[in-house]
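First up is the structure itself, then whatever we jot down about it.
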Amino acid sequence: MADFLMPALGADMETGKVVQWLVQAGDRIKSGDVVAVVETHKGAIDVECFLDGVIEALVPLDTALPVGAVLARVRGAAGMDATRPAAPPASAPASTPTAAPLKAAPSAAVERPVPPAAPPPASEARKRISPAARRRARELGLVPDTLAGHGADGAVTLADVEAAALAAPAPRATRAGFDPAQMRQAIAAAMSRSKREIPHYYLSTTVDFTAAQAWLERYNAGQPPEQRLLPAVLLLKAVALALRRWPQLNGFYEGAGFRPGPGVHIGWAIALRGGGLVAPAIHNADRLSLAELMTALRDLVQRARSGGLRSSELSDPTITVTSLGERGAESVLGVIYPPQVAIIGFGRVLLRPWVVDGQVLARPLLNLSLAADHRASDGHLGGQALALIDEALQAPDSL
């Protein structure tokens, strides 16, 4: 028996509320299945469980619980943390409580273990549907319990879901939005903590973007619109390769020391409509091709703004990258998102005078900045990392 815990979806999260269970007692799940929708100040987040087994008990819906509280029990599974495949969430606040049995969860609604619910009357019974079919239904905007099932005992199968999507649109499941004011307060609290506890140092440099811009124009000229690359993809890949060379900027400072990240999981800062921002991770960015990075980035931005992010994307970014884009400011000096140890910023590409081989020429220039934690690195290393990013952007064919 193992516990499925409330994940830490960032250093600014203290509590979450389960607003939708996508499984029920008796359902079999496998590692990586999305099993719940948790509402936080960042909106409704799809939460994955990294255990294999059978769901035994679930906490009631709409119960506010702290990070680390027990949300469910999984029979036939073993492990310390059901919210991640390995170590505890890197972004969990230092005050995260130790997980306790369901009966000890700090809420009157879960003062004792939650037994499997008794079967409701046949007229009110919930549809039998596998986690995979339920997940696909949600991706297609279908309400799982309204679908007709043709599997064993009337169970809804993946084929039923796909057929329903082709036949006619079904009502979308209700998804909670986010409160911009609440998000702003949470961001302010995390940034105040960062400036108070982390000894920042700042570096910046100017990058000649001529080679990268010319390469993008040549590449995109032969591609359909949906397959063209944005400048942000080159920036992402250049950063990812630099972090592979300088892992001291890619990880977390927790307790008394630095812990390197398990991979290059770049948190890309995304501005949300209505205010606020999130920085979900693009996992293993250094291993992705430019086309794969473009696909991942488009998908991430779309889901961030429509409410479809996953817990794993918010719980484990190893560094944050922010790009102000074509309509942004000339430069940005970021604030480190704890417990990360660095944030990299890109300003707007501007046509400016630049000296090339003794001549002053008009060149597209880009400001590149780094804010880093002096406990994990120093300015010499940070400067080398910025130089490596610049070098990569001068040779876009190598990306």
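Coordinate-derived values only; no laboratory data. None of the values given here were measured: they were computed from a predicted structure. Ideal geometry is used to build each Cβ from the backbone, glycine not excepted, and the neighbour counts take in all protein chains shown.
Shape class for the stretch 173-302: oblate, because the ratio a/c of the largest to smallest gyration tensor axis (alpha-carbon atoms, square roots of eigenvalues) is 1.5 or more and b/c is at least a/b.
Taking packing as the residue-averaged number of other Cβ atoms within 10 angstrom, the listed peptides 314-324, 228-238 run from highest to lowest as 314-324, 228-238.
So in the stretch 231-327, what percent of DSSP beta bridges are antiparallel if you round to the nearest 5?
Details: 8 of 11 bridges.
Counting only bridges with both partners in the stretch 231-327, antiparallel ones make up about 75 percent.
With a ≥ b ≥ c the root eigenvalues of the C-alpha gyration tensor of the stretch 229-319, is it rounded (a/c under 1.5), prolate (a/b larger than b/c) or oblate? Since a/c reaches 1.5 but b/c is at least a/b, the shape of the stretch 229-319 is classed as oblate. Packing, taken as the mean count of other beta carbons within 10 Å per residue, orders the peptides 302-308, 252-258, 330-336 from highest to lowest as 330-336, 302-308, 252-258. For residue 237, a cut-off of 17 angstrom between C-alpha atoms picks up these aspartates and glutamates, skipping any fewer than 8 places away in its own chain: 208, 286, 292, 299, 390, 391, 397.
Could you line up 191, 13, 183, 1 from fewest to most neighbouring Cβ atoms inside 10 Å? Numbers along the way, then the final one.
On the way: 191 17, 13 26, 183 21, 1 11.
Fewest to most other Cβ atoms nearby, the residues stand as 1, 191, 183, 13.
Only aspartates and glutamates eight or more places from residue 195 in sequence, or on another chain, were considered; those with a Cα closer than 13 Å are 373.
The ranking of 272, 5 from fewest to most other beta carbons within 10 Å of each one's beta carbon is 272, 5.
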